[in-house]
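Note sheet for the following structure.
Computed from the coordinates by the stated procedures, all read-outs in this text should not be read as laboratory data. In this text, all values refer to a predicted model and were calculated from it rather than measured experimentally. In this analysis, Cβ positions are derived from the backbone assuming ideal geometry, glycine residues included, and neighbour counts consider all displayed protein chains.
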DNA sequence: TCTGGGGTCCTAGGACCC
DNA sequence: TCTGGGGTCCTAGGACCC
């Protein structure tokens, strides 16, 4: 058996941890740049306010209902997330942290009442971190997602749902629309409904082989998982990413090549940190700049860049990419977003060397290690001048709450 | 004043070469 | 009148997740 522990409207719950006065009040959290609503708590959902909609469109409605609005505060969420993960991880030797707000726990070999155990997980996390979670228990990841979804939906279940035999999950699956199944998105929903597959139960009854032929191997896995057959195992060691991206929309439209290059330099720095963390080197990268799809002048161009050798050297990569930005840049356009992606990676310790190829000088490798170790103590202590000083293009976060747990001068005080 | 997320993986199709 | 292969690289965009 497998437990999926998932925080309830995580970002909104984080905003309440140090603001007990907001308990029971409606709260939304906005995406980067205060663009879209990305988290709504139960009270907001009850008002019928939709998620992933532009904030400026819903602002009047939110004001009318006295909804509390927060910019995203990733410093706070990341810190509270790691506390939730620490506490939850103490309940199983085998865990997989799946995203910032959810993790899978293997309960194999546990000789205990699953319902009692799930309740204890929930209660302990609340006591230690003051973040509410729901726990879904089932034999496969896909079913535990459904169990978790059910635990959240029916208040009477008190945040816990156990689907440990076919009889239990079969009756639940009939009530779950196909679009709520993990791995089934908007497009697949349309196509499945055309085939008469409306509920999760309908999908579970399809033959896995024919689903593979009609769609792809992932749907086959979903069908099998809905029947209790494990196809997607717990991965304790995160597989290294095959691609690494860092992209952002700007705080406002920018027109200036040097500002674009500052942003590319900053995003490349971030991508390089992810790259070194997973002990990879980049062979091929891509860089893009674009205008908004809502502006009259649509422009999106990207460029593939081959590195002279497999590298994790921020300085070298920034230099290579910023040269290409110059080629992509057209004067006079209102740029809205830019980004970099490392699309061909190899392992740092498993390089196929050639007698004549260049490779990264070892002093550069050591330099990167030193930079990372300095920045691990205080992020941003040391960075390239090419990132810019003022960074006027950076995103807006006008309604950000304090970083209560990660900045000395923002620690809450008790009067 | 003006506002519209970010990340990973995958694939269709065009350009180019032989 | 319309057709005629195979491989690689690159770009654009889609699908899904949170």
Report, to the nearest 10°, how far helix A:55-64 tilts away from the longest principal axis of the Cα atoms in chain A, using its own Cα long axis and a range of 0 to 90°.
50
Hey, what angle do you get for helix A:217-226 against the long axis of chain A, alpha-carbon based, 0 to 90 degrees rounded to 10?
30
Gaussian network model of chain A, Cα springs within a sub-10 Å range: biggest mean-square fluctuation belongs to which of A:372, A:79, A:296?
A:296
Starting from the Cα of residue A:398, step 7 Å along the direction of its Cβ; do the same at residue A:42; then give the gap between the two resulting points in nm.
3.2
For the pair residue A:363 and residue A:242, what calculated FRET efficiency results from E = 1/(1 + (r/R0)^6), where r is the Cβ-Cβ distance and R0 = 30 Å, to the nearest 0.05?
0.55
In nm, give the distance between the simple-model label positions of residue A:83 and residue A:296, each being 7 Å from the Cα along the Cα-to-Cβ direction.
5.1
Computed label-point distance, nm, for sites residue A:409 and residue A:274 using a 7 Å Cα→Cβ extension
3.1
Pairs of alpha-carbon atoms within less than 8 angstrom and 6+ residues apart define the contacts here; what relative contact order does the range A:209-290 have, in percent?
19
Compute the relative contact order of the range A:1-153 as a whole-number percentage, counting only Cα pairs closer than 8 Å that sit 6 or more residues apart in sequence.
34
Which whole number of Å³ per residue matches the convex hull of the alpha-carbon atoms in chain A?
193
Kirkwood Rh, Cα Rg: Rg to Rh for the range A:134-175?
0.92
With Rg from the Cα atoms and Rh as the Kirkwood inverse mean 1/r over Cα pairs, the range A:1-114 has an Rg/Rh of 1.06
What length, rounded to one decimal in nm, is gained on full extension from residue A:127 through to residue A:235, with 0.36 nm per residue of separation minus their alpha-carbon distance?
36.1 nm
0 to 90° range, to nearest 10: angle between helix A:74-89 axis and chain A longest Cα axis
50
Please compute the Kirkwood hydrodynamic radius of the range A:250-401 from all pairs of different C-alpha atoms, in Å with one decimal.
16.6
Tell me, what is the FRET efficiency for residue A:61 and residue A:193 to the nearest 0.05, using R0 = 30 angstrom and their Cβ-Cβ distance as r?
0.50
Taking R0 as 45 Å and r as the Cβ-Cβ distance between residue A:165 and residue A:331, the FRET efficiency 1/(1 + (r/R0)^6), rounded to the nearest 0.05, comes to 0.10
Before anything else, pin down the relative contact order of chain A: Cα pairs under 8 Å, at least 6 apart, normalised by residue count, whole percent.
16
Helix-only estimate, please: 222 nm mean residue ellipticity of chain A, summing -39500 (n - 2.57) across DSSP H runs of length 4 or more and dividing by its residues, to the nearest 500.
-11500 deg cm²/dmol
